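Q: One structure, as structure tokens, below. Some questions next.
No value in this document is a laboratory result; all are computed from the given coordinates. Bear in mind that the values here come from a model prediction, so they are computed numbers and not experimental data. As a convention, Cβ positions derive from the backbone with ideal geometry for all residues, glycine included, and neighbour counts pool all protein chains shown.
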Amino acid sequence: MTDTISTSRRAFLKRSATASGFTLGLTLLPASRPSAMFADTSAGDSLTPSVFVSIHESGEVEITCHRSEMGQQIRTSIPQIIVEELGANWQFVKVVQATGHPKYGDQNTDGSRSIRRNFDRLREAGATAAYLLRAAAATGWQADIADCEVSDHQVVHTPSGKKVGFGKLVAVAATLPLPEADKLALKPRKDWQSIGKPIRSLDIQAMTSGKAVYGQDVILPDMCFAVIQRPPVVFSSAESVNVADIKAMPGVLDVITLPAPEAPAMFKPLGGVAIVAKNTWQAWQASKSLSVKWSEHANAVYNSTTYREQLLATANKPGEVVRHQGSFSQAEKQAHSVLKAQYYAPHLAQAPMEPPAATAVVTDDSAQVWTSVQTPQAARQVVAAALNLDPEKVTINVTLLGGGFGRKSKPDFVVEAALLAKAMKRPVKVVWRREDDLQHGYFHTVSAQALTATFNQQNQVTGWLHNSVFPSISSTFDPSANKPSDGELDLGLVDTPFAIENLQLERGEAIAHVRIGWMRSVANVYHAFAIQSFVDEIAHHTGKDQQALMLELIGPDRHIDFAQSNAKYGNYGDPLESYPVDTARLKNVINTVCEKANWAQRHKKGRYLGLAAHRSFLTYAAVIIEVEVDKSGSWSIPKAYVALDAGTVVNPEHVKAQCEGGIIYGISCAIGQITASNGQINESNFHNYLVARMPQTPVEVEVTIIDSVAPPGGVGEPPTPPAAPALANALFAATGVRLRELPIPLSVKRS
């Protein structure tokens with residue numbers, strides 16, 4: 001729900017003008033896109049982003065970044081787009097971080113959509129500001145606005161060569177009406193000077209010099225610190241606590257039992273017992289002596305080993321059909337041969353290097369929070385609800401994020417800080433330890449996949465059956481959810497790109513026993529692992545080269561028509577007309593990465609390569625991983641190759657960095673796992689939750705970005721899904737061992 005204020009353009013500008021400059025506010029219309037499954041469910045705001053450009057009489061241009069910076073360099077890319085059309089000089093550009101507020105529209109930094117959802121609108125914002133400056137200059141010169149252009153922080157009268165700086169035009173520009181859309185002429189691609197160029201990160205100096213402020217860095221006067229012992233089983237509660245013992249310990253200010261939540265989990269804190277102390281160390285030390293008796297809960301039955309068998313059994317039974325064409329059952333009856341395989345992927349943790357942290361100050365009628373959160377508006381809403389405040393009385397100040405990967409889309413930790421600050425009547429910082437993050441998060445779901453392929457006498461694939469089974473993210477918001485949601489199946493299953501005559505895709509039921517949440521690439525991770533591993537198995541089964549087989553399965557160049565296969569496809573919330581599933585682009589990244597890696601000559605040179613390709617977040621990615629395996633079976637990765645078609649790219653250096661990080665994150669997904677025993681998470685830190693370290697990290701990652709005029713696609717997530725199957729396929733090439741279950745062991749001895 002959004003309030004609409006009727007006003008004239010001139011009146012709006014007059015109200016936004018100040019003595020020192022003017023602010024250009026563009027509140028854009030709601031986008032005609034369906035909600036994506038990873039959309040924020042609590043903010044209730046459907047506006048596209050509002051972009052604010054403030055130009056001061058000093059000439060300084062302030063650009064407000066409404067998305068969260070977590071390493072993807074969005075605080076550089078957003079200004080980069082605006083500067084292109086504004087004609088500003090970077091020397092006079094300042095970036096400020098938006099607080100959480102609906103006036104900015106969608107602020108959710110997830111789903112690899114910050115650029116793709118804002119690219120045209122950001123250009124229009126810059127062009128609108130430039131138009132007003134040009135119009136102001138034309139008024140002063142009594143010239144035709146068509147003869148006035150912006151360049152290097154000035155307006156230039158091209159016939160005479162006269163120039164005037166932005167700052168001197170502010171007073172007049174603030175009195176002019178906003179231009180109609182048809183007055184805006186965006187720069188043609190051939191004239192771009194900022195978009196597509198490797199502009200240096202605006203935050204890199206602060207980040208590398210220790211001046212940047214992350215959630216864990218916030219310090220306020222009179223602040224105290226809290227650590228929380230949360231229930232080991234989701235939804236259990238504290239029945240007794242040795243409060244007196246803990247309060248007597250050095251530095252401890254209070255021991256507070258937080259209310260236990262009931263399903264659905266949503267973004268509510270888990271409850272537990274908070275120790276508030278003068279500093280973090282004292283709180284940590286006291287927590288070691290904390291003794292809590294926890295209530296019994298039904299989730300205590302959760303055991304990973306047993307649950308794995310249940311998932312696999314379900315995956316191997318007929319499921320609910322979500323897409324089909326032809327008749328798979330008929331193909332199976334007529335098959336010359338049949339190949340079956342099942343794949344398993346465990347729970348994972350997002351495990352950002354900076355665990356969650358939030359600092360809050362709460363009064364009787366307001367709250368202010370400083371936190372590293374991906375969804376500032378959701379944080380604002382849940383804090384307001386928890387404190388019984390009007391959301392307008394809650395301010396969410398967004399710090400830099402030391403990684404997010406979806407964990408910081410869930411602001412439960414922000415509510416913890418707000419509740420404790422209210423109780424303590426002074427600033428409180430809640431610090432999550434690594435153990436807290438790994439054992440009490442919103443986990444990437446566990447999954448089982450069963451696939452069957454049928455073949456004719458020519459070893460051509462005639463039928464394809466894929467059943468996907470996993471507890472849904474929807475269970476976090478709806479306890480009755482007992483099967484994968486449509487949105488999750490859209491991420492790598494329903495959009496299976498193969499031109500197979502008889503295709504049948506299914507889902508099976510699964511109940512969640514922990515909080516399930518988004519993680520980088522979401523369902524694409526396990527869908528790509530299963531599909532791309534199975535393709536490699538088919539290649540081995542038929543004696544075909546995997547590259548050739550992939551191209552054969554994908555078939556002719558086309559835009560996939562899902563209506564022909566009785567399926568609805570959400571396409572990441574964007575229209576298929578703008579972002580079709582284009583098999584030519586998928587084939588192109590496969591061919592490109594194979595050329596770069598010299599795939600065809602791998603056997604002659606004794607190299608062990610694994611190939612995988614996947615479309616996700618409207619971007620096409622192909623990956624080849626090269627492995628070496630020593631006599632003990634320990635493997636390493638001398639080189640990885642990535643070919644990425646993300647459409648129009650704003651900053652190629654940042655895209656390359658995202659590809660490098662995405663590959664490493666995908667390898668971490670391949671070797672890590674979260675398991676449960678009697679409802680409790682077993683892993684507690686990086687000694688038993690594995691992420692890629694130096695031996696598992698590619699020595700070199702060669703990234704090829706496809707030059708494209710297509711609209712921008714996502715970048716942060718698409719490089720991750722192909723990594724695990726590429727690694728598994730490479731290890732099969734090196735050892736002959738087929739790895740159908742994650743995690744991949746760090747040692748794989750030759751068969």
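Q: Once both labels are modelled 7 Å past Cα along the beta-carbon direction, what's the residue 181-residue 330 spacing in nm?
A: Simple spin-label model gives 4.7 nm for this pair.
Q: Let me ask something else about it. Could you work out how far apart the two model spin labels at residue 709 and residue 296 are, taking each label as a point 7 Å from the Cα in the direction of the beta carbon, and quote it in nm?
A: Label-label distance for residue 709 and residue 296, simple model: 6.9 nm.
Q: Let me ask something else about it. When you count, for each residue, the other Cβ atoms within 10 Å and take the mean per peptide, how do 493-500, 233-240, 355-362 rank with the highest first?
A: Values: 493-500: 20.8, 233-240: 18.4, 355-362: 26.6.
Final packing ranking: 355-362, 493-500, 233-240.
Q: Follow-up. In which sequence would 82, 199 go, from the one with the fewest C-beta neighbours within 10 Å to the one with the most? Please list the in-between numbers first.
A: Details: 82 25, 199 20.
So the ranking, lowest neighbour count to highest, is 199, 82.
Q: Now a separate question. Once Rh is set to the Kirkwood radius over Cα pairs, what Stokes-Einstein translational diffusion coefficient, in µm²/s, holds for the chain at a temperature of 4 °C and a viscosity of 1.567 mPa s? Walk me through the numbers on the way to the answer.
A: Working: Rh = 27.5 Å.
So the translational diffusion coefficient is about 47 µm²/s.
Q: For the range 419-462, state which trypsin sites (Lys or Arg not before Pro) are in a DSSP loop and have at most 13 other beta carbons lying within 10 Å of their beta carbon.
A: Numbers: sites: 422, 425, 429, 433, 434; in loops: 425, 433.
Sparse-neighbourhood loop trypsin sites (Lys or Arg not before Pro): 425.
Q: Next question. Starting with the highest mean, order 177-183, 225-231, 609-615, 105-111 by the number of other Cβ atoms within 10 Å, averaged over the residues of each peptide.
A: Top of the packing list down: 609-615, 105-111, 225-231, 177-183.
Q: Then there's this: Using a simple charge model, +1 on the beta-carbon of Lys and Arg, -1 on the beta-carbon of Asp and Glu, nothing else, what dipole does the range 81-149 show about its Cα centre, in debye to the nearest 20?
A: Here the range 81-149 has a charge dipole of around 360 debye.
Q: Would you mind calculating the gained length between residue 390 and residue 242 on full extension (0.36 nm times residue separation, minus the Cα-Cα distance), in nm to one decimal?
A: On the way: separation 148, 0.36 × 148 = 53.28 nm, distance 3.61 nm.
Difference between extended and current length: 49.7 nm.
Q: With each run of n ≥ 4 DSSP H residues scored as -39500 (n - 2.57), what mean residue ellipticity at 222 nm is computed for the chain after dividing by its residue count and rounding to the nearest 500 deg cm²/dmol? List each step's numbers first, then the result.
A: Working: 18 runs with 199 residues, N = 751.
-8000 deg cm²/dmol, from helical runs alone.
Q: Taking the Cβ of residue 495 as the center, what net charge do the other residues with Cβ under 11 Å away carry, scoring Lys and Arg +1 and Asp and Glu -1? Walk me through the intermediate numbers first.
A: Values: positive: 323, 615; negative: 490.
Value of the local net charge: +1.
Q: Moving on to the next point. Please rank 619, 76, fewest neighbouring Cβ atoms within 10 Å first, as an exposure proxy.
A: Numbers: 619 29, 76 21.
Fewest to most other Cβ atoms nearby, the residues stand as 76, 619.
Q: Using the Cα atoms as the points, what is the convex hull volume per residue of the range 139-241 in Å³? Write out the running numbers ahead of the final one.
A: Values: hull volume 35.8 nm³, N = 103.
Spelled out: Cα convex hull of the range 139-241, divided by residues, is 348 Å³.
Q: Taking the simple approach of a point 7 Å from Cα along Cα-to-Cβ for both residue 207 and residue 321, what is their distance in nm?
A: For residue 207 paired with residue 321, the spin-label model returns 4.9 nm.
Q: Given charges of +1 on the Cβ of Lys and Arg and -1 on the Cβ of Asp and Glu, with all other atoms neutral, how large is the dipole of the chain about its Cα centre, in debye to the nearest 20?
A: My answer is approximately 920 debye.
Q: Another question about this same structure. Helix hunt in the chain: which complete DSSP H runs extend at least 24 Å axially by C-alpha with mean Kyte-Doolittle at least -1.0? Don't skip to the end; give the middle numbers.
A: Working: long enough: 119-141 (33 Å, 0.16); 524-542 (26 Å, 0.11); 652-671 (29 Å, 0.42).
Span-like helices in the chain: 119-141, 524-542, 652-671.
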